[in-house]
1. Run residue 102 past the list (1) farther than 23 Å from residue 235 by Cα; (2) modelled with pLDDT under 90; (3) in a helix (DSSP H, G or I) and report the number of the one that doesn't hold.
2. Report, ordered by the first and then the second residue, all pairs with beta carbons closer than 7 Å, sequence separation of six or more or different chains, a first member in the range 105-128 that is over 17 Å from residue 89 (Cβ atoms), and a second member that is outside any helix (DSSP H, G or I) and modelled with pLDDT under 90.
3. Identify all residues within the range 63-80 that are in a helix (DSSP H, G or I), more than 28 Å from the chain's Cα centre (by Cα) and over 13 Å from residue 234 (Cβ atoms); write none if there are none.
4. Have a look at 13, 43, 52 and point out the one that is in contact with a helix residue (DSSP H, G or I) (Cβ under 6 Å, 6 or more places away or on another chain) and within 24 Å of residue 163 (Cβ to Cβ).
5. Considering only residues that are surrounded by fewer than 19 Cβ atoms within 10 Å (Cβ to Cβ) and over 19 Å from residue 228 (Cα atoms), which ones fall in the range 55-92?
6. In the range 185-228, what count of residues is obtained for those that are in a helix (DSSP H, G or I) and over 25 Å from residue 42 (Cβ atoms)?
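The values are calculated or read from the model by the stated rules, or taken from the named source; none is laboratory data. Because the structure is a prediction, the values reported are computed rather than measured. Don't worry about glycine lacking a Cβ; one is built from the backbone with ideal geometry, like all the others, and counts go over all protein chains shown.
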């Protein structure tokens, strides 16, 4: 932002003479672009904040689904009960590791393990239920919920501000700051404190928008506490 301001200032400083009409046009275009930047950043920030809360709610929903399944499979006969509970506990450990993972290879490995675990605990549950339809109606739907919530959570984690839109926001913000510098250059005064304050606020807003939209990599992280609490309650 400061580099764009300085570039704009030097371009404006090079203009030899400025009439009132030209200055008025520069002010009009600058104000219009800054208004557009404000709208784009505000809209994107609101969307990123909503998606962040949705991801956090999805973690709670998934932890609740796994916890419910853990309790209901206690009605299964052995050895299927122990096998399904062991799978569910490891499945929760993998969900926690997935939330902490950064590199794509580890994420893909954990997703593959999750899919395999889903197939195993469903197969073991079916074997434990056998021909008991009433038991099956009590246990199988909650295991199906665990599988469905996994797909919902995965979909929510992949929703971001599209890259072209993010690029347009950053470029528009840079042009807006550059026009502030250009306007300052026309009057041969930097107004450095005011311009720096605005640049810092704008950069912080852009940073937080990107941070909220990608909670795996930034300073703001979705809470893993629901998984931690669930693991603490899973006593084999």
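1. The number of the failed condition is (3).
2. 107/101
3. Answer for the range 63-80, where residues must be in a helix (DSSP H, G or I), more than 28 Å from the chain's Cα centre (by Cα) and over 13 Å from residue 234 (Cβ atoms): 72, 75, 80.
4. 52
5. 72, 74, 75, 77, 78, 79, 81, 82 - these are the residues of the range 55-92 that are surrounded by fewer than 19 Cβ atoms within 10 Å (Cβ to Cβ) and over 19 Å from residue 228 (Cα atoms).
6. 7
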